[in-house]
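Data block below; observations after.
Here, each number is a calculation from the coordinates, and none is a lab measurement. Computed from a prediction, not measured in an experiment: that's the story for all the values here. Cβ: placed from backbone, ideal geometry, glycine included. Neighbour counts: every protein chain shown.
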Amino acid sequence: MFLYLTSVIEAILTDSEALEKYISDIVGGDTDALGRIYDMTYASVFAYALSILKNRHDAEDVLHECYISIMNSAESYKPEKKPMAWIMTITRNLCYMKLRRHKTNSFIPIEDAVNVLDDKEEATLEDRIVLRECLASLSDEEREIVILHAVSGFRHREIAEMLDLALPTVLSKYSRAIHKLKKLLTKGER
Amino acid sequence: MKNKDINARIKRAFTLAVPDVKDAVIKNATGQKGQAIIMTNVTKKRSVIKSITAFGVAAAIFVFAVLGGIFYSNNYTAATVVSLDVNPSIEIEISKNERVLDVKAKNADGELIIGDMNFNGADIDVVINALVGSMLRNGYLNDLANSILISVDGKNTERSSALQAELAEKINSMLSTEAFNGAVMSQTIDKTEKLTSLAEEFDITLGKAQLISDIVTANDLYTFADLVSLSINELNLISTSAGTTLEHVESKGEASDKSYLGEDVAKQIAAEHANVTLDDAAFEKVELDFDDGVMVYDVEFRHDGVEYEYEINAVTGAIVEFDVDKDGGSSNNTNNGSDKAPADTDTNTNSNNGTNAPSNGQNTTTEITEDRAKEIAFTHAGVKADDVKGLKAERERDDGVVKYEIEFYADGIEYDYEINAVTGTIIKCEREREGGAATGNSSSAQPDSPSDTTSPTLIGKEKAKEIALEHAGVSADDIRDYSCELDSDDGVLAYEIEFESANVDYEYDINAITGDIIKSERDTDD
């Protein structure tokens, strides 16, 4: 019955509206709503964390911490139609806290993160190349911007606001990053 | 490739990369909140808990001390040394638990590879990954020189063999995702006193020493000292070319001979010099060899009852030596490559080292000149000496290997070459777009009118479109969503063309100068 309702809910509401509803459900004591939120956001959270930390173990930690934080902060969420941005902000803060706490974890090579795909049957060689090049060949800011746009679907304007950058900066970093990636990815195909 | 395609691929790769931890995450998050409620009831039991915990702590300390001792010996006593050799040489000390205790560079190239990475306490797998990755990024493992030697030296032979096999496999699969194929040689070290003293005398790793030792044992042509300055790729080539079986070293993949002329060219050179048509020559042997400090092709063939033997410089193509054996007469000639003596003349003893023009201050007769090194670099890069800017050339000595470092710009690309001064082989080759990929706000499409005016030899977008359509077998009227961009990849200008027809997506890369189809793809939409 609940499942039926949720699919109806998700069909009628936009993603943002559904997320906001689930967040307020949590405040009301509904812990199943967290599961729904997870389903809608896990890729964005993990990808974003990975893009900042470049390290899958830390990214996984943040994945855990993020939803704990959502549970605990649901009460203080103000419905402004931007639940994704709120969740990404939580993610980003958790990432930076981690970075401040242990700085020297970043020698771990990119390959370690790419190897996460070993367990996924559907992962192709191209997926590995994409993952590797995003982590290895882009600057930190470029990578954050690309992930926020490609995985979470944020508009450049929204990204500018989230990262506190000027819009033209975001646009040019984004296009530089995509340009780099296109080259690297088509080279790999040869 | 369209932006939306890239975005889709990124989204896919990162989504797949998420571990399957939903249950754990939810449990953690919701359980957490539950715990918070219980906590407030616990305060009354505190004093009882206090004494129990005190005892527990004491017990725990004892257990930790014991475990700590075991932990220490497993993690900190050196059990095994793993070395990597390509040109760079690196030694990795690992503990019984296969955790890294120390990483040492054995030469300057090795230091470059290590850079400022800090490995202490990491897993051997992770470290190997990082080092091989660094070699790839720094251009030491590439198309031209793809061989790497991994040697394991440990007290427990079984473990060493297992580790050797595992790491060799791992490196093999790492390299197989690159655009070239790697050649991985692996071995466990049989540490004799002789080996140790040879390694020390020539300042090379035990691994390289054992490889050279194996080659020398199997093949009397060489002495140990001869081979010390060669790279692993060259050593690999020599031993496979001669068909030698090595005692300790196992080999996967094939050494790259792309920096050499190739057997076909060598045959041509030999036949031409002998005034024999290529087809009429019955070739008996064509082998890559190392002689007198130079990589050469040994070419032997017969024609009309005459036996011909040639030694041809594998890089320059100069004829180092030739020998003609008619029934009843033999003449031996060492020759300067530029004059062509017809095969029948004999006692022309023009002895000269084939590769060298006399020049200033080069100390040994077996070194190539700086000009020759530049030539080699330019030819490899496909540029003309006149088009080159910012040329820098330096002769350097690095761990007993003398080399030329050559840097220059051409066509918006920065080239960096290291060329072995003795053999003329390209040790390292790096290319970078001048100033990096940043080209400001515009998207990837390079407007092609400016390029057309500076290089009038481009075929033009219309012609490129024709070529693509013809290859695809569709007519211009049947296509949709056509796009054509001029782009430059590694110095090759190409038109990137995309279009759809019927249910098929087509993609072409067409060389903007020659019109050759570099790449073509078709994708049927289901």
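B:Ile467: net charge of surrounding residues, Cβ under 12 Å, Lys/Arg +1, Asp/Glu -1, itself excluded? Kindly include the intermediate steps, with their values, before the conclusion.
Working: positive: B:Lys461, B:Lys463, B:Lys465; negative: B:Glu462, B:Glu466, B:Glu470, B:Asp509, B:Asp516.
Net charge around B:Ile467: -2.
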Inset, instruction - Can you spot the lysines whose alpha carbon is less than 28 Å from B:Lys461's alpha carbon? Ignore those fewer than 8 places along the same chain. - result: A:Lys180, A:Lys182, A:Lys183, A:Lys187, B:Lys2, B:Lys4, B:Lys384, B:Lys519
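For region A:72-158, which GluC sites (Glu not before Pro) pass both filters: DSSP loop (anything but H, G, I, E, B) and at most 14 other C-beta atoms within 10 Å?
On the way: sites: A:Glu75, A:Glu80, A:Glu111, A:Glu121, A:Glu122, A:Glu126, A:Glu133, A:Glu141, A:Glu142, A:Glu144, A:Glu158; in loops: A:Glu80, A:Glu121, A:Glu122.
Here the GluC sites (Glu not before Pro) that fit, given the DSSP loop and packing criteria, are A:Glu80, A:Glu121, A:Glu122.
Using R₀ = 51 Å, calculate the FRET efficiency as 1/(1 + (r/R₀)^6) where r is the Cβ-Cβ separation of A:Asn72 and A:Leu125; round to 0.05. Don't skip to the answer; put the middle values down first.
On the way: r = 41 Å, r/R0 = 0.80.
Rounded to the nearest 0.05, the efficiency is 0.80.
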Inset, instruction - Using Cα positions and a limit of under 18 Å, work out the aspartates and glutamates in reach of B:Lys194, with same-chain residues fewer than 8 apart set aside. - result: B:Asp153, B:Asp203, B:Asp214, B:Asp226, B:Glu247
Inset, instruction - Starting at the first residue of region A:176-181, write each ³J(HN,Hα) from the Karplus equation 6.51 cos²θ - 1.76 cosθ + 1.60 with θ = phi - 60°, in whole Hz, x for Gly and Pro. - result: 5, 5, 5, 4, 4, 5
Inset, instruction - Please turn the phi angles of region B:415-428 into ³J(HN,Hα) values with the Karplus equation 6.51 cos²θ - 1.76 cosθ + 1.60 (θ = phi - 60°), one per residue in order, whole Hz, x for glycine and proline. - result: 10, 9, 10, 10, 10, 4, 6, 8, 9, x, 6, 7, 6, 8
Inset, instruction - Using a 10 angstrom cutoff on alpha carbons, build the Gaussian network for chain A and name the most mobile of A:Lys173, A:Lys120, A:Lys54. - result: A:Lys120
